[in-house]
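The values are calculated or read from the model by the stated rules, or taken from the named source; none is laboratory data. Every value quoted in this text rests on a predicted model; they were computed, and no experiment measured them. No Cβ is skipped: glycine too gets one built from the backbone with ideal geometry, and neighbour counts run over all protein chains shown. Note: areas computed on protein heavy atoms with side chains; ligands, DNA, RNA excluded. Shrake-Rupley method; radii C 1.70, N 1.55, O 1.52, S 1.80 Å.
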Amino acid sequence: MELENFDTDAFLRDYWQKKPLLIRNPWRNWQNPLEPDELAGLACEEEVESRLICQTAKGWEMEQGPQHEDRLGGLGASHWTLLVQAVDHHVPMVADLIAPFRFIPNWRIDDVMVSLAADQGGVGPHFDQYDVFLIQGHGRRRWQIGPHCDADSPLVPHEDLKLLAEFEATDEWVLEPGDILYVPPGIAHNGVAVGSDCMTYSVGFRAPSRADLLGHFVDDMLEQIPDDDLYRDPDLAGQANPGEIMPDALARLHRMTLDSLADPRAFARWFGMFNSTPKYAEMDWQPETPVAADEVRQFIAGQAPLSRNPASRLAFVGDGANAVMFFADGACFDCGAETADLARQLCAQDALVLDTALASMDAAIDLLTQLCNMGCIAFEGED
C-alpha cells in the first residue's frame, strides 16, 4: 500500500510535530482491512489489550478488557466505542497500514490501535503525547481540532480517562473511508462517529521521555558498576571549615557520576535493546519446534520467502566500518562484515527472499536461526 500524490518532504518540513493535516483519500483503492465482528472477537481474547468507553447519563465510563461477547452484543445503538490496541500484531492486513508511513524511522513506530464506534460514539476531547495518523477505515467520523495543550490544561476529574475540561474547536472535518488526519503531540482533538460501524485505524508513534531514558539507562549502568568503584581523594588537603563541600570534591564527584554515562557506544547498545523490547513482552511468538541451522540453509537454498513478525521490533546502529549492532526484540547481535548487510535488509523489509549465497555463510545461518527461534522472523513452510 502507498499514498498517492503525497509529498513526504513537504509533510516533514511543514506539518510533522507542527500542525494537523487532513489528507483526503490518498489510496489507489482503499479497502477496510478488518470487519467490525473480527475486531470485537479480538477484544474478547485474554492476551489482547482493549477498552470499552461509553457515554451515559452519568458521564463517561470505561471498562478494561478482555471484553465479553454478551456485553458487546448487548450494547446500544449509540454512544459507545471499543478500542483495541496493537491490532497490527495479530492481523497482517492491519500491519500493512504502517508501510506508507515508514518515512518516519521504524524505532519511532508504536502500533496500530483500532476503534469501533456506534453512532455518536467517541472517547471525548483529549490530547496525546505522541504523533498519530488517524485513518478512517469504515463509516464516517467527525473530527474537531482544538488548541495546543500541556500538563497545565484542566482535565475532567476521572480515574480512568484524561478528558479536557475545556474544548473549543478551531477546525472540523467529516472523514470518509480512506481519509487520513494527522495530529501532532499536544493538539486537542475530538472524534465522534457519524452513523454506525465507524472504524478508525490509529497509526501511533512513540517518543521516549527524558525521565524514561535517564531512569532506565542509569539502572542498566548500575548493574555494570563494580562495588569497589568508590570515591577516592589521595590528594586531600586541610580546609578551614570541615562543613564545606569543596569545589574540587564536587567536581570530582560530578565527573565520577557523568563518566559512567558518557560512553556513546554503551548508550547506543543500551538504547537499541531498550527501544526494541516488545511492547507485550509476555507474548510468546517462538515456534513450537525449534528451527535447526540445516533447515535454515534449506529454506535459503530453496528461495523460501522470509517474513518478519509484525510484533517484532528490529533496528540497527552503525558500529564502525561495515559493522552494525543489530537489535531484535531486546537482544543485541554484533554483526561484522559477513552479516551487517543481512541485518540491514531485515530491518528495511517486512518480507524478502534471501540471496542463496547466504546458505554457505555460517555467521548468517547462526543469526537467522536465532531470529527464527525467537519468533522474530519465519520462512514460508516452517512448521
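Out of the residues in the stretch 219-244 meeting the condition of being more than 15 Å from Thr257 (Cβ to Cβ) and among the aliphatic types (A, V, I, L, M), tell me which one is nearest to the chain's Cα centre (by Cα).
Residue satisfying both the conditions and the ranking: Leu236.
Residues in the stretch 25-46: is at least one open to solvent by less than 40 Å² (accessible area, probe 1.4 Å) and in a strand (DSSP E or B)?
The answer is yes, given that some residue of the stretch 25-46 is open to solvent by less than 40 Å² (accessible area, probe 1.4 Å) and in a strand (DSSP E or B).
Whether any residue in the stretch 133-151 is within 14 Å of the chain's Cα centre (by Cα), open to solvent by less than 40 Å² (accessible area, probe 1.4 Å) and at pLDDT 95 or above is what I want to check.
The answer is yes; a qualifying residue exists.
Can you tell which of Ala315, Ala311, Ala331 is of a type in the set (Gly, Ala, Ser), under 27 Å from Val48 (Cβ atoms), touching a helix residue (DSSP H, G or I) at 6+ places or on another chain (Cβ under 8 Å) and open to solvent by less than 20 Å² (accessible area, probe 1.4 Å)?
Answer to the selection: Ala311.
Please state which one of Met199, Met221, Met283 is open to solvent by less than 80 Å² (accessible area, probe 1.4 Å) and at pLDDT below 90.
Met283
Would you confirm whether or not the stretch 173-188 contains a residue that is hydroxyl-bearing (Ser, Thr, Tyr), surrounded by 15 or more Cβ atoms within 10 Å (Cβ to Cβ) and on the phi < 0 side of the Ramachandran plot?
yes
Against the conditions (1) under 30 Å from Arg313 (Cα atoms); (2) open to solvent by less than 40 Å² (accessible area, probe 1.4 Å); (3) touching a Leu at 6+ places or on another chain (Cβ under 6 Å), where does Lys162 fall short? Just the number, please.
So Lys162 meets the others, but not (2).
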